[in-house]
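Notes to accompany the following structure.
Every number here is computed from the coordinates shown, using simple stated rules; none is lab data. Given the structure is predicted, the values throughout are model-derived calculations rather than measurements. Cβ sites come from the backbone with ideal geometry, for glycine too, and all protein chains shown count toward neighbours.
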Amino acid sequence: QAGVVIVGAGHAGLQAAASLREQQYSGRIVMIDAEPHPPYERPPLSKGYLLGHTPAARLALRPATFYADRNIELLSGRRATAIDRLRREIILDDSSIVTYERLILATGARNRALAIPGIDLDGVYYLRTLADADVLREQLQPGKDAIVIGAGFIGLEFVACATRLGMRVTVLELASRPMARAVSSGISSVCVDEYQKLGVQLRFNTDIAGILGANGRVVGVQTRGGETFAASLVLVGVGVTPNTELAGASGLMVDNGIVVDQHLRTSDPHISAIGDVAAYRSDHANGSLIRLESIQNASDQARCVAADIVGTPQPYRAVPWFWSDQAHLKLQIAGLALATDQRVMRGQPNGATCAVLHLRAGRLACVETINRPALHLLARRLIASKVALTPEQAADESFELKQLLS
Ligand code: FAD
């Protein structure tokens, strides 16, 4: 019998299966995932798990009994290699075939590789999967030198863990500041101060010429400016590439992600795409085509696609939100800063806290905060309510934002 087939059992795929059962879907559900483990959480891989604080058993997204209890067939360690859209079939790497009535592509993303000399040396690592984290954990030893290429969220979370474990860390970044694509400059500078206090060496506007090795192992990194930095470990954190190949090869529309409509359906109405792999037009970005890499987006899109499949479709309008642990700083973002026209610092950043509010056409569109969790939670509600706000009100700490909800 053909039911729902989900390719990819990460946060998005797993939540889709769970939500289908919560929403009383009684047909067959098959989940296919290339990883050998049952679905697990990724965020701790660059936080508590790397530090050894979160045990492996706590990474599982659901208890082992969950799948049988809900009659969800989980095929782990199996890769989907093709989609036959005419027959509505998925072909797996062992040539077996699974038939679908509705297909959900939740294939996520993989690390972007750097094409530079030395990238294949021993001691060069990436961080996306549990296997990546396990290998990396072994290498975190006090007194060792590490270099992180790329000052994005995950690279910097790794820096926080490595310094806490007594390593000396240098960060080399092409842009002029950390997390430049995702946060405003005020937030970047609070993070720079934090890492400098921890003794981390941060180099911006720095392009890498290659990774240096001896006897097949990393010994350092050379920049295009001719500088050399010594290290026995290099972590490459230069972003991800969405896993769109399966969709692209079957003729679905792909544009930096599998393109979906407001109900998260692809150009084939029997196929939906969700999570890191899905590109959609967002009201929160003035209608531009975006692809988000966050737990919120994976989970909320999963619920939305389940509702569509059980016959209660709702357009996907959830307010995007995101968090990242940057050493002692809790960085949180509500909404999207894309296509905004005004940006205001609320109060004065004091090194430990900071808030930047973005307005679009006179309405609150995005709030970036550091160590202000209550403001973050309020911001999600304010953005969902599309409240009007002036730049003066946004900047004034004594102006009660909460009153805008009443
Ligand atoms: P994925 O988690 O990538 O899952 C996709 C799955 O599909 C994978 O298991 C893959 O093996 C499988 N797959 C792909 N192709 C095939 C195929 N052909 N056949 C079978 N299986 C296939 N987000 C936050 O909001 N906050 C955080 O603090 C945060 N920290 C993070 C830390 C790390 C180290 C990482 C890696 C990510 C972090 N994220 C964080 C991002 C968040 O984890 C992702 O946005 C989320 O996991 C996306 O879920 P997904 O299901 O769309 O994709």
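Sorting 190-197, 260-267 by average packing, meaning the other beta carbons within 10 Å per residue, from highest down gives 260-267, 190-197. Taking a straight Cα-Cα cut-off under 30 Å and skipping sequence neighbours fewer than 8 places away in the same chain, the lysines within cross-link reach of LYS197 are LYS47, LYS144, LYS330. Mean silhouette area of the stretch 4-102, derived from the convex hull of its C-alpha atoms and averaged over all directions, reads 6.9 nm².
Give me the percent relative contact order of the stretch 299-406, please, defined on Cα pairs under 8 angstrom at least 6 residues apart.
Details: 184 pairs, mean separation 23.5, N = 108.
Answer for the stretch 299-406 is 22 percent.
First obtain the Kirkwood hydrodynamic radius of the chain from its Cα pairs, then insert it into the Stokes-Einstein equation at 25 °C and 0.890 mPa s, and state the resulting D in µm² per second as a whole number.
Values: Rh = 22.6 Å.
Value of D from the Cα-based Kirkwood radius: 109 µm²/s.
The stretch 148-194 has equivalent-ellipsoid semi-axes of 19, 11, 9 Å, by the square roots of 5 times the alpha carbon gyration tensor eigenvalues, sorted largest first. Based on DSSP H segments of at least four residues, each scored -39500 (n - 2.57), the chain has a per-residue ellipticity at 222 nm of -6500 deg cm²/dmol.
Given their separation in residues at 0.36 nm each and the Cα-Cα distance between them, GLN314 and ALA249 gain 20.5 nm when the chain is fully extended.
The stretch 1-57 has equivalent-ellipsoid semi-axes of 28, 12, 8 Å, by the square roots of 5 times the alpha carbon gyration tensor eigenvalues, sorted largest first. Here the spin labels are modelled as points 7 Å beyond Cα on the Cα-Cβ line, and at ASP69 and ARG87 they lie 3.7 nm apart.
Counting other Cβ atoms within 10 Å, which GluC sites (Glu not before Pro) in the stretch 300-406 have at most 13 and lie in a DSSP loop? Taking the stretch 300-406 and a limit of 13 other Cβ atoms within 10 Å, the loop GluC sites (Glu not before Pro) found are GLU397, GLU400. Within straight-line reach of LYS386, meaning a Cα separation under 19 Å, sit the following lysines at least 8 residues removed in sequence or on another chain: LYS402. Distance from the Cα centroid of the stretch 251-319 to that of the stretch 145-168 is 33 Å (rounded to whole angstrom).
Here the ratio of the Cα radius of gyration of the stretch 161-242 to 2.2 N^0.38 Å is 1.17.
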